[in-house]
Amino acid sequence: MSGSTQPILQAIHVSKTYPRLGGILRRQLGTIRAVDDVECQLRAGETLGLVGESGCGKTTLAKLLVGLLRPSEGDVCVHGQAFTALKGAALLAARRAVQFVFQDPMNSLNPRMRVEQILGEPLEIHRLVQGAVPRRARIGELLDLVQLPVAYRTRLPRELSGGERQRIGIARALATDPQVLICDEPIASLDVSVGAQILELLRTLARGRHMALLFISHDLRAVASLCEQVAVMRQGQIIERASTDALLTHPQHAYTELLIRSAELDLEAVS
């Protein structure tokens with residue numbers, strides 16, 4: 001799946017620091033660099049996996065890329081415009097273009113809202129449909145995209161399985177017709193068979209919609225099965241990025257070799 005020349009989403013020397021507190025008075029003793037001078041970009045149609053151990057900065061980077069966090073240094077740009085410089089309609093347009101799928105759908109879905117309300121909320125915020133009939137039709141389309149029956153529109157999150165809740169989370173992200181979908185450990189809370197179904201759904205959506213996909217996981221197996229490119233993150237930095245085949249067969253960093261050995265990948269099956 002080849003991407004276009006210009007990146008849709010780009011991180012330019014992005015860092016995120018937090019104060020390191022200590023002592024009885026919780027005074028600042030220094031700073032913690034959760035993300036350290038990261039550069040990455042995504043073009044239309046690209047599928048990029050971001051792997052690394054827990055605590056390496058993957059989720060922080062994801063939140064920076066989607067505009068949920070503000071960089072301490074550097075810029076995150078959508079179509080060449082920095083998130084921090086955008087306001088009003090331009091900021092809403094950027095948020096429509098880059099959407100986020102959370103790790104735990106039970107915590108990211110409002111337990112008091114029915115599916116039709118959950119999916120209708122972004123349509124209302126971004127004024128994407130006018131009137132009850134078009135809204136109802138669009139919600140039906142979104143459920144169909146994630147392979148759920150229209151009858152699910154009246155259900156509450158607690159009435160759905162874990163996999164079904166994650167499909168609703170994906171449908172909500174698709175409501176704005178995003179150009180980039182960022183998925184933060186979307187199968188971590190699911191069993192293996194359901195996780196495989198979600199991976200196949202994401203593959204189908206990315207290909208069918210020519211959408212850029214950033215798939216974040218500690219599971220190199222899942223990343224290798226879904227993504228054409230892989231970036232490896234360690235201690236807040238991206239230490240290596242290559243095509244999936246190249247990275248798995250000729251890793252350039254010792255940490256990457258360790259990840260590959262730990263995953264016990266069948267490289268012939270992946271390639």
Within region 93-134, restricting to residues that are among the small types (Gly, Ala, Ser) and within 16 Å of the chain's Cα centre (by Cα), the one that is farthest from PRO157 (Cα to Cα) is ALA94
Among (1) crowded, with 19+ Cβ neighbours inside 10 Å; (2) in contact with an Asp or Glu (Cβ under 8 Å, 6 or more places away or on another chain), the one test that ARG167 misses | (2)
Requiring at least 3 residues that are among the basic types (Lys, Arg), the helices (runs of 4 or more DSSP H) wholly within region 133-226 are 162-174, 192-209
If you go through ALA263, ALA222, ALA269, the only one that is at pLDDT below 95, crowded, with 22+ Cβ neighbours inside 10 Å and over 25 Å from LYS16 (Cα atoms) is ALA222
Being surrounded by fewer than 20 Cβ atoms within 10 Å (Cβ to Cβ), touching a His at 6+ places or on another chain (Cβ under 9 Å) and either at pLDDT 95 or above or within 30 Å of VAL232 (Cβ to Cβ) (or both), is that true of even one residue in region 104-121?
-> no
So which strands (runs of 3 or more DSSP E) stay within region 1-52 end to end and still have 2 or more residues that are farther than 28 Å from SER243 by Cβ?
-> 9-22, 27-42
Return only the number of the condition from (1) free of Cβ contacts under 8 Å to residues at least 12 places away in the same chain; (2) out of contact with any helix residue (DSSP H, G or I) (no Cβ under 9 Å at 6 or more places or on another chain) that GLU264 does not satisfy.
-> (2)
Considering only region 81-92, state which residues are touching a residue at least 24 places away in the same chain (Cβ under 8 Å) and either closer than 20 Å to LEU156 by Cβ or surrounded by 20 or more Cβ atoms within 10 Å (Cβ to Cβ) (or both).
-> none
Restricting attention to region 53-92, and to residues there that are in a loop (DSSP other than H, G, I, E, B) and farther than 28 Å from ARG127 by Cα, which single residue is nearest to the chain's Cα centre (by Cα)?
-> GLY57
Residue match in region 40-55 (condition: surrounded by 21 or more Cβ atoms within 10 Å (Cβ to Cβ) and more than 16 Å from ALA231 (Cα to Cα)) = no
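The values are calculated or read from the model by the stated rules, or taken from the named source; none is laboratory data. Predicted, not measured: the structure shown is a model, and the values here were computed from it. Using ideal geometry, Cβ is built from the backbone for each residue, glycine included, and neighbour counts are taken over all protein chains shown.
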